[in-house]
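Values quoted throughout were computed directly from the atomic coordinates according to the rules given, and no laboratory measurement underlies them. Not measured: the values here are computed from a predicted model. Note that each Cβ is placed from the backbone with ideal geometry, even for glycine, and that neighbours are counted across all protein chains shown.
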Ligand code: PLP
């Protein structure tokens with residue numbers, strides 16, 4: 001695999017980042033995951049706009065190659081012959097050579113930019129989308145700026161492991177009695193034909209797939225309500241699903257061991273997945 005590090009395309013074995021890089025020492029980095037369908041990059045502008053916002057919120061400089069990101073994405077897709085899969089991008093505050101809590105002088109220390117691809121043939125035809133996934137609920141103990149897409153992913157990883165150990169696929173996090181989001185996706189329920197998902201705030205990541213799915217739902221005359229919901233409400237829902245760049249729209253059929261609705265993939269989730277894949281393929285670049 002060919003990867004990109006600070007201006008260079010290299011075989012992955014030759015790519016290196018300093019051990020003093022603040023992302024390694026302090027998770028002082030932000031990232032984006034963008035999907036590739038039919039060799040086309042999906043929602044590129046949305047991901048780059050969110051990246052810029054994450055950088056601004058953390059007072060992090062834009063990498064020098066910021067304006068070339070589209071060509072870097074395309075180059076990696078071509079070099080690695082990606083048909084379906086993902087492009088991972090990370091910007092870190094870089095390395096000052098010593099460990100220090102204070103941010104290094106941006107005049108001296110430049111951000112690190114890393115990109116690599118992951119080939120996932122069959123991503124659109126994912127069999128899990130036909131059966132749906134199982135989730136458990138866990139406490140949301142993450143920090144208060146979940147709207148910034150940082151590389152502090154230890155608790156979401158632990159959540160995923162708690163789910164696996166419980167025989168489930170993923171976890172929904174709960175704060176003050178309300179579902180915030182999944183470990184790596186936004187969470188939705190459907191009740192009486194209405195799609196309900198938590199409103200945007202600093203409590204959740206502003207999913208790029210979420211924005212697209214809500215837009216498509218409204219265009220298809222589906223009802224959308226942006227508000228938080230409880231686990232009990234989710235258990236009484238007709239359907240549930242999650243969205244992310246790597247899973248698109250993924251139905252959820254079980255919550256804390258109990259079936260949601262019929263316990264199988266519902267019509268709203270499957271229709272939204274279809275619409276999302278169809279529309280996204282049209283606008284991929
Ligand atoms: N919420 C969290 C915590 C995430 O990590 C992600 C994606 O990684 C999402 C939501 C979904 O965001 P997107 O649709 O932009 O992939």
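Hey, what did region 235-280 get for relative contact order, percent, Cα under 8 Å, at least 6 apart?
Relative contact order, region 235-280: 38 percent.
Order of 231-238, 35-42 by packing, highest average Cβ count within 10 Å first?
Taking the mean over residues of other Cβ atoms within 10 Å, the ranking is 35-42, 231-238.
Give me the extension gain from residue 17 to residue 57: residue separation times 0.36 nm, minus the current Cα-Cα distance, reported in nm with one decimal.
12.0 nm is the gain from fully extending residue 17 to residue 57.
Compute the angle between helix 69-79 and the longest alpha-carbon principal axis of the chain, please, reported from 0 to 90 degrees and rounded to the nearest 10.
80 degrees
Please report, for the Cα atoms of the chain, the Rg to one decimal and the Dmax as a whole number; what are they, in angstrom?
Rg, Dmax (Cα atoms, Å): 19.3, 59.
Please compute, for the alpha-carbon atoms of region 128-283, the extent along each of the three principal axes and give them in descending order in Å.
Result for region 128-283: principal-axis Cα extents of 36, 33, 25 Å.
Starting from the exponent 0.38 and prefactor 2.2 Å, build the expected Rg for region 2-119 from its residue count and divide its actual Cα Rg by it.
1.06
Using only Cα atoms, find the angle between the long axis of helix 267-283 and the longest principal axis of the chain, and express it within 0 to 90 degrees, rounded to the nearest 10.
Helix 267-283 sits roughly 30 degrees off the main axis of the chain.
Just report the Cα centroid separation between region 158-196 and region 85-138, whole Å.
21 Å
Please tell me the relative contact order of region 2-119 in percent, rounded to the nearest whole number, where contacts are Cα pairs under 8 Å and at least six residues apart.
Once divided by the residue count of region 2-119, the mean separation gives 38 percent.
When the helices in the chain are scored as -39500 (n - 2.57) per DSSP H run of 4 or longer and the sum is shared across all residues, what 222 nm value do you end up with, to the nearest 500 deg cm²/dmol?
On the way: 8 runs with 80 residues, N = 285.
Rounded to the nearest 500, the figure is -8000 deg cm²/dmol.
Can you tell me the orientation of helix 154-165 relative to the chain, as the angle in degrees between its alpha-carbon axis and the longest Cα principal axis, to the nearest 10?
40 degrees
Which residues does the label zone of residue 218 cover in region 243-285, counting backbone N under 17 Å from a point 7 Å along Cα→Cβ?
276
Quick one: Cα centre-to-centre distance for region 243-285 and region 1-74, in angstrom?
The distance from the Cα centre of region 243-285 to that of region 1-74 comes to 27 Å.
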